[in-house]
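These notes are about the structure you will find just below.
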Amino acid sequence: MLEVRNLTKIYDGDVLALDDVSFSVNQGEFLACIGLSGSGKSTLLRCINRLVEPTAGKIIWNGIDLTEASQDEMRRIRRKMGMVFQHFNLVSRSKVIINVLAGRLGYVNPAMSVLNRFPKSDVELALKQLERVGIANQAYKRADELSGGQQQRVGIARAMIQEPEMILADEPVASLDPVLAHSIMQYLEQINKEDGVMVICSLHFLDLVHRYADRAIALNEGKLMFDGTPEEIDDAKFKEIYGKEAERVG
Amino acid sequence: MKKQRSLLRSIGVGLSVVVVIVVFAYGFKVTKVNLKETRSEQRLVVLTRILRALAHPDIITYEQEEVNIEVPIYLPCPEEIITLPEPDKTGPYLVTDVACAASKEFILVEGYSFEPGSKGPINFIALSGAKIQLDNFETDANGYFQVSVQMPTRQPVVEVQHLRATARVPVGGPQFTDTAKITWAKIVETVFLALLATTFGTLLAVPVSFFAARNLMSDVKSSLASVALTIIGWPFGILIAFLANRWISELSTPLSANIGINVGGVIISPVIAYALARWALPQEELETPKVPMRIARILTLMVSAICIIFLLQLLASLLLSVGQMLIQPLGPVGFLGNFVSQVGEIVQIATPIILALAGGGFVGSFLSTYGQNLSDRLSDSYIKGINLFFAAAAGALLFMLVGAGINWFYQINDPVKIYLWPGAVGAVLGLLLAIRTAPKDALPIGTTLYFVMRTILNATRSVEPLVMVIVFVVWVGIGPFAGSLALALHTIAALSKLYSEQVESILPGPLEAIKATGANRLQTIVYAVVPQIIPPYISFTMYRWDINVRMSTIIGFAGGGGIGFLLQQNINLLDYRSASAQMLAIAIVVASMDYISSTLRERFV
């Protein structure tokens with residue numbers, strides 16, 4: 001259970017990115033977060049794992065207030081939050097398997113990991129995750145030799161090897177073509193349905209929201225405009241979220 | 001209106017032309033431009049001679065056979081008529097068109113029956129035996145030559161004097177001159193000087209560059225209590241490390257006397273250290289361990305650290321003695337033995353330094369974490385008190401250390417002035433800082449460190465290695481070692497800056513992704529930063545090696561060894577042919593270094 005209360009983020013230079021946002025997500029839920037570019041979706045996701053420090057408000061996850069956690073505690077908490085990025089954010093010169101194993105860094109002994117040594121069980125786990133996303137045969141290639149869709153699958157494997165209780169996906173399919181987009185979304189759906197992992201995913205396309213999300217929230221200029229099931233987004237709501245000139249496509 | 005503006009404009013243009021002319025005129029005055037001098041005949045003669053010498057680098061020589069043939073001549077002509085004896089025509093001989101000549105008069109000298117292709121000077125041999133070179137000759141295929149020479153200006157002498165042709169014939173194959181041999185030895189020295197300087201400079205520049213990268217440092221923030229405790233922790237850590245080192249060296253010195261025990265120690269101590277470290281640092285941990293467990297682990301790690309210190313000391317003495325023993329039996333490759341013992345020496349020198357850094361770093365970061373935990377847990381009013389106390393203590397300590405440093409330079413030797421006053425000022429500044437900051441504020445300690453690091457690097461970089469070498473020559477004596485130390489120091493400063501700019505330009509995405517997995521700072525650097533910076537680091541290191549080779553060719557001018565020393569000597573001795581050989585060697589090395597480094601760069605990047 002994740003509860004976000006009155007979350008506000010003001011960047012340096014008085015840029016209001018999030019304005020008093022409150023919502024909650026149940027365990028095992030697939031929550032889509034929609035809104036225009038610059039509406040605060042990425043900031044919201046990064047506030048949850050505190051890659052961005054919130055200015056005010058509370059984020060309570062399983063009874064722990066994340067905004068109060070020390071840096072050390074936060075590192076331990078982040079282990080249970082996998083994150084998937086729009087631009088995959090793989091280390092392009094490293095091997096695929098190293099990119100996946102990087103997901104275990106929060107667990108392993110820092111001294112050994114700095115020397116690039118991982119426990120055997122972790123290597124097996126990494127291969128298993130790669131198999132799950134269908135690219136086990138690419139494990140020893142360099143990450144930048146893979147295509148975009150394959151790279152995002154590595155990104156998902158990296159998040160999954162953390163054995164997370166929550167996945168934060170920041171526009172995971174925005175850089176992919178529609179066919180690949182569905183295959184990536186299906187992996188996320190599978191993780192959500194089979195493993196019961198909470199997924200918070202920001203998306204651009206409403207059809208993806210309708211197809212995959214249990215619930216949706218919408219942001220506009222940092223304000224929460226909508227919180228409900230995808231079916232509730234009618235034309236009036238749509239115009240409220242995306243502005244008067246917007247037209248529905250797809 | 002329009003006309004007026006154009007008038008103003010042309011006045012402006014005219015004025016700026018005048019200003020430019022004045023500026024250049026002044027420039028000519030201060031740089032003492034003197035074109036008359038360039039046309040002076042005397043200077044042109046000297047210039048020609050030097051340029052010709054430079055065009056004949058002293059590299060290859062032939063063993064030569066010399067034949068001296070003389071012909072008598074009167075200078076000036078005596079009053080009675082004289083005839084010269086018929087030359088001996090069995091061997092090579094000289095014929096002059098006149099038997100006598102006045103000073104500055106031209107006479108024709110012909111040579112017959114010389115060895116074909118021989119050459120040499122024609123000298124005037126005065127009565128005293130003094131030799132004056134008049135000209136050079138070279139014989140044709142028949143062994144004949146013909147040269148018109150001008151007689152020297154001499155005091156009149158009645159007796160007969162001589163003209164001498166020294167014919168030199170090369171025998172045997174070409175040989176390298178002594179100059180070529182010593183130039184080769186010195187150019188090898190130069191290249192290795194640059195190699196060592198680049199290697200050591202790079203090794204130290206890599207860690208330094210991370211501290212000088214703004215994107216890594218800007219999000220390092222700590223509470224005041226944590227910062228103050230770190231400042232207090234470092235000197236204590238260094239002190240503890242020094243004491244530990246001394247204590248262990250008392251233990252290890254008698255052991256290292258026996259080589260068997262020494263070898264055994266070198267093998268056993270890392271095994272123990274590794275086993276203990278493996279126990280104390282479990283592979284994976286899901287829960288935070290309990291306090292007694294953590295204490296047990298810290299103690300185990302300390303024992304492990306002691307084993308490592310022990311290992312380093314034993315290793316140093318082992319390498320030293322083994323290296324010394326090897327020098328004799330290895331014969332021509334005895335330098336390998338010397339290298340081994342030098343490595344032992346380096347380990348011996350580096351051990352206390354590494355320990356001091358490790359000890360300071362360990363105690364500092366331990367106290368820093370402790371301070372951060374205190375700040376996170378305790379209530380504001382407690383923290384305020386803690387901040388006040390520790391900030392004052394840290395300020396006092398910092399200023400007392402600075403005071404001790406100043407005392408070392410200026411020898412004030414008054415405890416009130418060097419400890420009490422700075423301590424008081426530091427404590428007051430610490431208190432002020434603690435009062436001004438809110439209890440739980442995170443101070444931008446990383447940014448501060450970044451600016452300090454940048455300032456130090458810029459200051460070091462602005463001192464040319466040619467100047468640095470002067471200090472090192474005083475320290476380690478004239479020679480290539482001083483030169484490589486100076487170049488290494490400059491390399492650290494220059495490369496750290498180049499490297500850190502590369503770190504600043506990495507993609508932030510992977511950094512964010514690794515951070516999001518719960519990795520700590522060191523892991524983030526190793527997994528997200530290092531893979532991205534390897535290609536530019538290699539490329540800059542190559543580039544720096546290139547620069548160092550060029551620098552090391554002139555670092556000898558200031559006593560830093562290498563070929564520069566030789567070059568300067570020969571220039572001062574006006575031995576331009578040798579200097580030319582050295583300049584040629586430098587040009588070849590620099591050009592081939594440039595080629596090699598660009599090829600390697602292409603391959604790696």
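The values are calculated or read from the model by the stated rules, or taken from the named source; none is laboratory data. Computed from a predicted structure; not experimentally measured. When we count neighbours, we look across all protein chains shown, and the Cβ atoms used for this are built from the backbone with ideal geometry, even at glycine.
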For region A:76-95, pairs from a residue that is without any contact (Cβ under 8 Å) to a residue 40 or more places away in the chain and closer than 23 Å to residue A:64 by Cβ to a residue that is surrounded by 20 or more Cβ atoms within 10 Å (Cβ to Cβ) and of a type outside the set (A, V, I, L, M, F, W, C), with Cβ under 6 Å and 6 or more apart or across chains, are A:78/A:49; A:78/B:518
Filter region B:88-113 for residues that are in a loop (DSSP other than H, G, I, E, B) and touching a residue at least 40 places away in the same chain (Cβ under 8 Å); the one that is nearest to residue B:63 (Cα to Cα) is B:92
Just one listed residue, out of A:60, A:34, is away from chain B (no Cβ under 13 Å), farther than 16 Å from residue B:516 by Cα and either crowded, with 22+ Cβ neighbours inside 10 Å or of a type in the set (Lys, Arg) (or both), and it is A:34
Residues in region A:63-115 that are farther than 22 Å from residue B:507 by Cα, of a type in the set (S, T, N, Q) and more than 8 Å from chain B (Cβ to nearest Cβ) total 1
Those residues of region B:329-370 which are away from chain A (no Cβ under 14 Å), in contact (Cβ under 8 Å) with a residue 40 or more places away in the chain and polar (S, T, N, Q) amount to B:351
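On the given criteria, is residue B:373 over 14 Å from residue B:235 (Cβ atoms) and away from chain A (no Cβ under 14 Å)?
no
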Being touching a Ser or Thr at 6+ places or on another chain (Cβ under 8 Å), more than 27 Å from residue A:106 (Cα to Cα) and aromatic (Phe, Trp, Tyr) is the requirement here; does residue B:242 meet it? no
Of (1) part of a strand (DSSP E or B); (2) under 23 Å from the mean Cα position of the chain (by Cα), residue B:167 satisfies every one except (2)
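With the condition kept exactly as written, say whether any residue in region B:7-27 is charged (D, E, K, R) and closer than 30 Å to residue B:155 by Cβ.
The initial filter retains those residues of region B:7-27 that are charged (D, E, K, R), namely B:9.
Then keep just the ones that are closer than 30 Å to residue B:155 by Cβ; that gives none.
No, there is no match, as no residue in region B:7-27 is charged (D, E, K, R) and closer than 30 Å to residue B:155 by Cβ.
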Picking from B:174, B:116, B:85, the residue that is in contact with a Gly (Cβ under 7 Å, 6 or more places away or on another chain) and either in a strand (DSSP E or B) or assigned by TED's automatic domain parsing to the domain that holds residue B:67 (or both) would be B:116
- Message: Could you go through region B:456-468 and let me know if any residue there is in contact with a helix residue (DSSP H, G or I) (Cβ under 6 Å, 6 or more places away or on another chain) and free of Cβ contacts under 8 Å to residues at least 12 places away in the same chain.
- Response: no
Turns out the helices (runs of 4 or more DSSP H) fully within region B:458-568 with at least 2 residues that are over 25 Å from residue B:216 (Cα atoms) and away from chain A (no Cβ under 14 Å) are B:465-476, B:480-504, B:530-555
Inside region A:107-119, the number of residues satisfying the requirement of being in a loop (DSSP other than H, G, I, E, B) and in contact with a helix residue (DSSP H, G or I) (Cβ under 6 Å, 6 or more places away or on another chain) is 1
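If you take the residues of region A:174-185 that are within 13 Å of the chain's Cα centre (by Cα) and either at pLDDT 90 or above or within 25 Å of residue A:61 (Cβ to Cβ) (or both), which of them is farthest from the other protein chains (Cβ to nearest Cβ)?
Taking region A:174-185 first, the residues within 13 Å of the chain's Cα centre (by Cα) are A:174, A:184-185.
Still in the running and either at pLDDT 90 or above or within 25 Å of residue A:61 (Cβ to Cβ) (or both): A:184-185.
Numbers: A:184: 16, A:185: 20 Å.
Out of the qualifying residues, it is A:185.
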The condition of being surrounded by fewer than 21 Cβ atoms within 10 Å (Cβ to Cβ) and under 15 Å from the mean Cα position of the chain (by Cα) holds, among A:247, A:165, only for A:165
Check whether at least one residue in region B:142-152 is closer than 30 Å to residue B:587 by Cβ and polar (S, T, N, Q), and report yes or no.
no
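Would you point out which residue out of A:167, A:156 is modelled with pLDDT of 90 or more and either assigned to a helix (DSSP H, G or I) or on the phi > 0 side of the Ramachandran plot (or both)? Break it down into steps so the answer makes sense when it comes.
Details: A:167 fails: either assigned to a helix (DSSP H, G or I) or on the phi > 0 side of the Ramachandran plot (or both).
Among A:167, A:156, only A:156 is modelled with pLDDT of 90 or more and either assigned to a helix (DSSP H, G or I) or on the phi > 0 side of the Ramachandran plot (or both).
Quick check on region B:131-146. Is at least one of its residues over 30 Å from residue B:178 (Cα atoms) and part of a strand (DSSP E or B)? Talk me through it step by step, then tell me what you get.
Within region B:131-146, the subset over 30 Å from residue B:178 (Cα atoms) is B:140-146.
With part of a strand (DSSP E or B) added as a condition, the list becomes B:145-146.
For region B:131-146, residues over 30 Å from residue B:178 (Cα atoms) and part of a strand (DSSP E or B): present.
Name the helices (runs of 4 or more DSSP H) wholly within region B:1-64 that hold at least 1 residues that are modelled with pLDDT of 90 or more and surrounded by 10 or more Cβ atoms within 10 Å (Cβ to Cβ)? Please lay out each step first, then the result.
Details: elements: B:2-30, B:35-39, B:41-54.
Those helices (runs of 4 or more DSSP H) span B:2-30, B:41-54.
Of B:273, B:316, B:305, which residue is part of a helix (DSSP H, G or I) and closer than 22 Å to residue A:119 by Cβ? Break it down stepwise before answering.
Working: B:316 fails: closer than 22 Å to residue A:119 by Cβ; B:305 fails: closer than 22 Å to residue A:119 by Cβ.
Matching residue, one of B:273, B:316, B:305: B:273.
If you check residue B:79 against the conditions, is it of a type in the set (Asp, Glu), surrounded by fewer than 13 Cβ atoms within 10 Å (Cβ to Cβ) and outside the structural domain of residue B:146 (by TED's automatic domain parsing)?
On the way: of a type in the set (Asp, Glu): yes; surrounded by fewer than 13 Cβ atoms within 10 Å (Cβ to Cβ): yes; outside the structural domain of residue B:146 (by TED's automatic domain parsing): no.
So residue B:79 does not fit the description; no.
Against the condition modelled with pLDDT under 85, away from every other protein chain (no Cβ under 14 Å) and surrounded by 14 or more Cβ atoms within 10 Å (Cβ to Cβ), how does residue B:262 come out, does it pass? Show your work before the answer.
Details: modelled with pLDDT under 85: yes; away from every other protein chain (no Cβ under 14 Å): yes; surrounded by 14 or more Cβ atoms within 10 Å (Cβ to Cβ): yes.
Criteria met by residue B:262.
Residues to consider are B:356, B:350; find the one that is surrounded by 14 or more Cβ atoms within 10 Å (Cβ to Cβ) and at pLDDT 85 or above. First the steps, then the outcome.
Numbers: B:350 fails: surrounded by 14 or more Cβ atoms within 10 Å (Cβ to Cβ).
Result of the check over B:356, B:350: B:356.
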Taking region B:374-406 and keeping only residues that are over 46 Å from the mean Cα position of the chain (by Cα), within 17 Å of residue B:442 (Cβ to Cβ) and part of a helix (DSSP H, G or I), one is left with B:374, B:375, B:376, B:377, B:380, B:383, B:384, B:386
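For residues in region A:120-140 being surrounded by fewer than 18 Cβ atoms within 10 Å (Cβ to Cβ) and assigned to a loop (DSSP other than H, G, I, E, B), which is nearest to the other protein chains (Cβ to nearest Cβ)?
Residue satisfying both the conditions and the ranking: A:140.
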